[in-house]
Amino acid sequence: MQKPIIVASFVLVLIMSTGFVLAGDAPVSDETQECLDCHSLFHPGIVADWQRSRHARTTPKEALSVEEDQKRLTGKQIPEGLMENSVGCAECHTARSANHKDTFEHNGYDVHVVVSPDDCATCHATEREQFSENIMSMAEKNLSENSLYQDLQRTILGTPHSGADGLHFTPANDMTRADGCFYCHGTKLQVSGTETRDTDAGELDFPVIEGWPNQGVGRVNLDGSRGSCSACHTRHRFSIEVARKPYTCKECHVGPDVPAFKVYSASKHGAIFSSTQAGMNFTHVPWVIGEDIQVPTCATCHISKTVNADGDVINNRTHKVTDRLGWRIFGLIYAHPQPISPDTTRIKNKMGLQLPTDLDGSAATEFLISSKEIGSRRTTMKRTCLACHDTSWVRGHFERLDNTIAVSNQSVRVATQLMESAWTNRYAQGLMGGGSLFDEYIERRWSDTWLLYANNIRFASAMAGGGDYGVFEDGRYHLAKSIMEMKDWMKTRAFMQQQKKISSELLK
Amino acid sequence: MQKPIIVASFVLVLIMSTGFVLAGDAPVSDETQECLDCHSLFHPGIVADWQRSRHARTTPKEALSVEEDQKRLTGKQIPEGLMENSVGCAECHTARSANHKDTFEHNGYDVHVVVSPDDCATCHATEREQFSENIMSMAEKNLSENSLYQDLQRTILGTPHSGADGLHFTPANDMTRADGCFYCHGTKLQVSGTETRDTDAGELDFPVIEGWPNQGVGRVNLDGSRGSCSACHTRHRFSIEVARKPYTCKECHVGPDVPAFKVYSASKHGAIFSSTQAGMNFTHVPWVIGEDIQVPTCATCHISKTVNADGDVINNRTHKVTDRLGWRIFGLIYAHPQPISPDTTRIKNKMGLQLPTDLDGSAATEFLISSKEIGSRRTTMKRTCLACHDTSWVRGHFERLDNTIAVSNQSVRVATQLMESAWTNRYAQGLMGGGSLFDEYIERRWSDTWLLYANNIRFASAMAGGGDYGVFEDGRYHLAKSIMEMKDWMKTRAFMQQQKKISSELLK
Amino acid sequence: MQKPIIVASFVLVLIMSTGFVLAGDAPVSDETQECLDCHSLFHPGIVADWQRSRHARTTPKEALSVEEDQKRLTGKQIPEGLMENSVGCAECHTARSANHKDTFEHNGYDVHVVVSPDDCATCHATEREQFSENIMSMAEKNLSENSLYQDLQRTILGTPHSGADGLHFTPANDMTRADGCFYCHGTKLQVSGTETRDTDAGELDFPVIEGWPNQGVGRVNLDGSRGSCSACHTRHRFSIEVARKPYTCKECHVGPDVPAFKVYSASKHGAIFSSTQAGMNFTHVPWVIGEDIQVPTCATCHISKTVNADGDVINNRTHKVTDRLGWRIFGLIYAHPQPISPDTTRIKNKMGLQLPTDLDGSAATEFLISSKEIGSRRTTMKRTCLACHDTSWVRGHFERLDNTIAVSNQSVRVATQLMESAWTNRYAQGLMGGGSLFDEYIERRWSDTWLLYANNIRFASAMAGGGDYGVFEDGRYHLAKSIMEMKDWMKTRAFMQQQKKISSELLK
């Protein structure tokens, strides 16, 4: 049995299989060499990972010498001293040492543990700039400084206590918070002291950092900056391949609250990616649609610089993910236009809550982008779609998405009306008497409708994703079911209230 | 540290790694060249994908010249004019132009947007023929023309309204339907008019197509045919590798209603596939069990032509997926023998509903295949199993599956009896007074038992799959829990009914 | 457009891509050759898989001749007759034939169907020894001989019947048990007779084995041994690559009861593995952290022998998975220290149940490992962590895990108190009158808290995993919701009890 093997496949496999290139390594600075001397023994995994990184194989000077289109560096004022060596341990962990509260004396060097976006900005200035406009960079603040979200968080992470009148939740401790919501949102790092440790290299002093470890996108760093580049650009290889593959996004975007990865992997795009990724190039910059990749990943649509085979730019790189997004389709009671500022704690709805909509669904418009801006961002997004789909396809897709946003909002409105009716009828407490919107069973069924199911429905629509996520897998089947249960529960509670009245009449 | 590397691995990796072969391209017809001249600029992704396809690299003549066993073409009357060129844009998008309602004049050509199975049949006649007998080809009709399913669909996709007597559901609009159930089942395409668009190539006219885009398996096309080959043979590479890998099936078979992919990926077969797929050949025809693959994917068991190393046929290719399936284990209240006709709207049970069983589980036998036919299809399926497992293994497996079908049906019968009792006692409305079987909470808990949990249990059993899907992940643990909740709910409703009676007695 | 391709990548891809090496095959014994003569025709898949195995390519003699560190064999008394041939059909399936109840005469050989760990021990003695101390080896007994678990199993796998006083569950039949819990836990194999089959090689006799097929980790074999090496070392390639990849563990560890795979795949480790596994070496022994792999899989942390680039041992291989685990974080009401004996049926809590804790969470300490032992096992585990993470990182991680264990236990205690109150108030039956802890809806909601949600929370914490599994995907959001529902249900039941009392007063 013979199979036709064309020799051309030979070179091709080599080129395409991983994109991993082991070039001659770049020179290592004396400082970094000193780090490596010990740490390659103590932490072989870190060092080996770094050695496979582009940081180890290229100097900033070389990286700046490529054609404009292929540039990965955007720093305008990279210090001369950094130009000729690889980007090693010392280059990052001693950068801007005066700015970092965790800087400590370590074998003659001022070292800090936590490298921040402001450190990375030395070479990646534009990306850092864009990221500071990315709502993700405010993920810690937007959660911890929004009183309503804090209440939601308390009823999720906190410890319940059963009282005569219902459940009460003690707020979660810091470690539970760091292990729960703030794993992705980012912790607030703080130096709480110094300790002496008996290491293989003798007794040494180290800072003690609360909230560490953490790589959440909105981490509050010890130089005051917000964010963690390593959330996606995983230490210490900082591989663009990893950042561009959807598995990285999955870390924080897999649950029913934001099921992006699950929906993608069940979409046509995801099927093609999963089946043929070994033949695609995830390291080339700029990313050539058609040539490097034949199907988009998360990064293709939301972040990366893409070009066609002639080198014409399809979309420019952005680290402000909302640049290509008009609607915010998850996390809040109703889908709504993207907030203008990444700092959503500034938003106030008519009820005075830090919410982009009121309970009736009407938007806090002054804090949200305009229809025109929505249109403009959609046009940007569509440029990517149009590289592989014709106009009618793309238009049809987005018409459905708009329809899904409207219809899912409508269903959530029905759920919210039932909830409001439960509060009015005193079947549930709600905000009355300092109560919580989130600590009773019926309230959780209400939050299921918008925090879990409406999300799934919208993501499935947004990605033309596997129908299942729009219907049977946390989709419409379950949204309707929640509302049915709310209605059923109302009937029981109404009965109970009425019977109580009748009984007390009769007992008189 | 040295590792033994045998040079033999060298050639092997090249052969086995992707199976992607870039041969000398086949000649391009003048018509297709004209298409490419513009569209390689406008839609580089489509063109690049096609260029990687076998369609671009082989002429029908070459494809027909291989040994019978290796043939991928089954058309008996391929027009002479198509024989010597690659299968490009024009070959498909201008085929049978008079038959397509979306045919429009485009730069001198009669082009249609939506290529249909009847177009593909020019070269792939047998596959098209088989597919028309595949229940999937009727997926749109079987859903939209079954009144009971329509009611179920209305209570899932529709918008609920809260009334004094319960919830009412407005039927979903067309876009929601296309985004929901019909994403997989297929939409009904219709040309609603023509529009003029200002394109990069000037003002041009295009048809406006309702229900587009869609690639559902049962799509109703603009030439009247049903189906979409691109549901699995993804445009425009039409890669057999993609069709043979389980990710493709996942798109519509991942939710709890039909969890085939999830169960497969947690099965022993799935574990081996996931771990060693890089070393297998997904493009070879026929598929040599043992040599090309050491573990089956969905396609291996259900569709592909498989042979042993001597070339003896294990199973012939079929695009009628039920050829190897005796039982239908999902989607309906009870597992039942496969329907005789792919058009299940013809079925009528004793109650007069278009259902293959009655509510008590008894089968509408005249519409379903016989025990003998079940046995014959199982024998076909077993041939694949026996290539890697001994007789006792295979027999033990299928005995368990039969047991699981019987036992899961029994549990659903208990749930259905509870439901019937709720209807009889007027705790729920059911069909009385023109009511729905699906619009109350308790009714949804009932449908959970058969639409979600019994399915999972049977799929896990059918694939000797990860035990979790049979038990804790949407399996028996949850089936029993639903029934427990139904029983619990009945107790509350019985109490309410009784108390109402007592109160009204006392209030007299 | 040019891309820099360094020729070094060439060799690299070959070395790293699969690790699959087709060396000159080892000699095949005459006995095995006789097997192959027929079975390569009858079961081409089995034979082809074996031909790709190390068993087919290496003799025990060669395998023993490598440096100590690289040894995969630990048998001290490998029979001379096995030394010079590959490990083929006959070597395993005729081994220790007198010990196996399924041994039958087959073409002149005493063959047994089910190869057991005691057979494998001939060459892999230490692994077999370790595995007998692994709690997994007792998975069948620990479930089937624990009366409380049997009751839980009956209410999951059994068939419900609706009675006036509630549901009753008929115990599941053997096939359902084999298809459910015992798929992973392992079945108890038994020879029930002999049958004559008309095969392609004529009429032959075979044993009939109940409980077959099965590959559960705690399978009770026909030589009396417990376990199934093929649970992870999949037949007949027995590939270390498969065993080391997480997909294998997924088979039994994906459901919400033990979501190890799901959490791993959403963790940072999982993201890196998924994105870059093609560049890692999964076959090298010992496993060089940094060089072979840059990220751990399940096996790295829990089983494998790992070394640094200098060959210094980081951790020794163990097949007693609890060697590196202090706490048991799933499957029971409360997380608790690991049991001392793998046979957990010996445990008795204060209530006399075979449970490691009482319902109030206090531990049956005499059956569980000490704090000191917990510390020692954690130190072992930390050695792996420290290969890639600094001390403060690792300490911070484990502090959070300890916190999560304590806090999740606390929440489960609240749920259990509600449950106890329901039993006391006779809202549910519990153990009273020979009742079950698991057969009523409210009891299942209680078991949800510890069997599903607390598990997820702890796994997410243990693997510094995707936050979603700790919160919205079967995590804290749902744990709190269960408790809210329990509280809500208590309110309804209390009302019902009170109203009944009032009514009966009024009706007097």
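Of all residues in the stretch B:242-266, exactly one satisfies the criterion of being under 15 Å from C:Glu251 (Cβ atoms) and at the interface with another protein chain (Cβ under 7 Å from one of its Cβ atoms), namely B:Ala266.
Restricting attention to the stretch A:466-489, the residues being part of a helix (DSSP H, G or I) and farther than 16 Å from A:Thr449 by Cα number 2.
Condition check ((1) in contact with a Lys or Arg (Cβ under 9 Å, 6 or more places away or on another chain); (2) assigned by TED's automatic domain parsing to the domain that holds B:Ser225) across all residues:
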| site | (1), (2) |
| --- | --- |
| B:Glu67 | no, no |
| B:Glu84 | yes, no |
| B:Gly108 | no, no |
| B:His124 | yes, yes |
| B:Glu127 | yes, yes |
| B:Glu133 | yes, yes |
| B:Glu140 | yes, yes |
| B:Thr155 | yes, yes |
| B:Asp165 | no, yes |
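With respect to A:Arg400, is the statement that it is touching a helix residue (DSSP H, G or I) at 6+ places or on another chain (Cβ under 7 Å), within 11 Å of chain B (Cβ to nearest Cβ) and in a helix (DSSP H, G or I) true?
Considered against the rule, which asks whether it is touching a helix residue (DSSP H, G or I) at 6+ places or on another chain (Cβ under 7 Å), within 11 Å of chain B (Cβ to nearest Cβ) and in a helix (DSSP H, G or I), A:Arg400 comes out as yes.
Taking A:Val191, is it more than 26 Å from A:Arg54 (Cα to Cα), facing another protein chain (nearest Cβ under 8 Å), within 28 Å of the chain's Cα centre (by Cα) and not in a loop (DSSP other than H, G, I, E, B)? No: the conditions fail for A:Val191. Within the stretch A:429-452, residues that are β-branched (Val, Ile, Thr) reach partners that are modelled with pLDDT of 95 or more and assigned to a helix (DSSP H, G or I) with beta carbons closer than 6 Å, at six or more positions or on different chains, in the pairs A:Ile442/A:Ala422; A:Ile442/A:Trp489; A:Thr449/A:Val412; A:Thr449/A:Ala415; A:Thr449/A:Leu479; A:Thr449/A:Ser482.
For the stretch B:334-376, residues that are of a type outside the set (A, V, I, L, M, F, W, C), in a loop (DSSP other than H, G, I, E, B), modelled with pLDDT of 95 or more and farther than 23 Å from B:Asn456 by Cα total 8.
Being surrounded by fewer than 24 Cβ atoms within 10 Å (Cβ to Cβ), of a type in the set (Lys, Arg) and modelled with pLDDT of 95 or more is a property that holds for C:Arg413.
Yes or no, residue by residue, for (1) within 8 Å of chain C (Cβ to nearest Cβ); (2) closer than 27 Å to B:Thr159 by Cβ:
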| position | (1), (2) |
| --- | --- |
| B:Ala415 | no, no |
| B:Ile442 | no, yes |
| B:Arg445 | no, yes |
| B:Trp450 | no, yes |
| B:Phe472 | yes, no |
| B:Arg476 | yes, no |
| B:Ala480 | yes, no |
| B:Leu507 | no, no |
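Consider the stretch C:212-241 and keep the residues that are within 11 Å of another protein chain (Cβ to nearest Cβ) and among the hydroxyl-bearing types (Ser, Thr, Tyr). The one that is farthest from C:Ser192 (Cα to Cα) is C:Ser239.
Quick check on A:Leu152: is it within 22 Å of the chain's Cα centre (by Cα), touching a residue at least 24 places away in the same chain (Cβ under 8 Å), part of a helix (DSSP H, G or I) and away from every other protein chain (no Cβ under 11 Å)? Judged against the criteria, A:Leu152 is not a match.
For the stretch C:417-440, name all the residues that are among the polar types (S, T, N, Q) and within 14 Å of chain B (Cβ to nearest Cβ).
Answer for the stretch C:417-440, where residues must be among the polar types (S, T, N, Q) and within 14 Å of chain B (Cβ to nearest Cβ): C:Gln429, C:Ser436.
So, in the stretch B:424-443, of the ones that are surrounded by fewer than 18 Cβ atoms within 10 Å (Cβ to Cβ) and assigned to a helix (DSSP H, G or I), which residue ends up modelled with the highest pLDDT?
The extreme case among them is B:Thr424.
Residue-level check: of (1) farther than 27 Å from A:Arg235 by Cβ; (2) in contact with a His (Cβ under 8 Å, 6 or more places away or on another chain), C:Lys188 misses just (2). Out of A:Arg72, A:Arg96, A:Arg57, one residue alone is out of contact with any Asp or Glu (no Cβ under 8 Å at 6 or more places or on another chain) and not aromatic (Phe, Trp, Tyr). It is A:Arg72.
So which residues in the stretch A:446-477 are over 26 Å from A:Pro337 (Cβ atoms) and surrounded by 24 or more Cβ atoms within 10 Å (Cβ to Cβ)? Within the stretch A:446-477, A:Gly466, A:Gly467, A:Asp468, A:Val471, A:Glu473, A:Tyr477 meet the criteria. Within the stretch A:343-369, being under 25 Å from C:Tyr477 (Cβ atoms) and under 19 Å from the mean Cα position of the chain (by Cα) holds for A:Thr344, A:Thr345. Here B:Lys262 meets the list (1) buried (at least 24 other Cβ atoms within 10 Å of the Cβ); (2) at pLDDT below 95 almost entirely, failing just condition (2). Among the residues of the stretch A:194-222, which ones are more than 28 Å from the chain's Cα centre (by Cα) and outside any loop (DSSP other than H, G, I, E, B)? Within the stretch A:194-222, A:Thr194, A:Glu195, A:Thr196, A:Arg197, A:Asp198, A:Thr199, A:Gly202, A:Glu203, A:Leu204, A:Asp205, A:Phe206, A:Pro207 qualify. Of the residues in the stretch B:159-173, at least one is closer than 20 Å to A:Val394 by Cα and within 9 Å of another protein chain (Cβ to nearest Cβ). Looking only at the stretch A:283-324, residues that are away from chain B (no Cβ under 14 Å), within 21 Å of the chain's Cα centre (by Cα), under 27 Å from B:Phe238 (Cα atoms) and surrounded by fewer than 24 Cβ atoms within 10 Å (Cβ to Cβ) come to 2 in all. Condition check for C:Val288 on (1) free of Cβ contacts under 8 Å to residues at least 60 places away in the same chain; (2) assigned to a loop (DSSP other than H, G, I, E, B): one failure, at (2). All conditions but one from (1) farther than 21 Å from B:Ala266 by Cα; (2) at pLDDT 95 or above apply to C:Ala201; the one that does not is (2). Within the stretch C:146-203, being acidic (Asp, Glu) and under 28 Å from C:Ile333 (Cα atoms) holds for C:Asp151, C:Asp165, C:Asp174, C:Asp179. Can you find even one residue in the stretch B:381-389 that is basic (Lys, Arg) and assigned to a helix (DSSP H, G or I)? Yes. Scanning the stretch C:171-188 for residues that are over 15 Å from C:Lys101 (Cα atoms) and either part of a strand (DSSP E or B) or among the basic types (Lys, Arg) (or both) gives a single hit, C:Arg177. B:Ser225 meets each of the listed conditions (1) farther than 30 Å from B:Ser447 by Cβ; (2) touching a residue at least 40 places away in the same chain (Cβ under 8 Å); (3) out of contact with any Phe, Trp or Tyr (no Cβ under 9 Å at 6 or more places or on another chain); (4) buried (at least 24 other Cβ atoms within 10 Å of the Cβ) apart from (4).
Screening B:His253 against (1) in contact with a Cys (Cβ under 9 Å, 6 or more places away or on another chain); (2) in a loop (DSSP other than H, G, I, E, B); (3) on the phi < 0 side of the Ramachandran plot; (4) surrounded by fewer than 23 Cβ atoms within 10 Å (Cβ to Cβ) leaves a single unmet condition, (4).
The values are calculated or read from the model by the stated rules, or taken from the named source; none is laboratory data. Note that the structure is predicted; figures quoted are calculated from it, not measured. All Cβ positions, glycine included, derive from the backbone under ideal geometry; neighbour counts span all protein chains shown.
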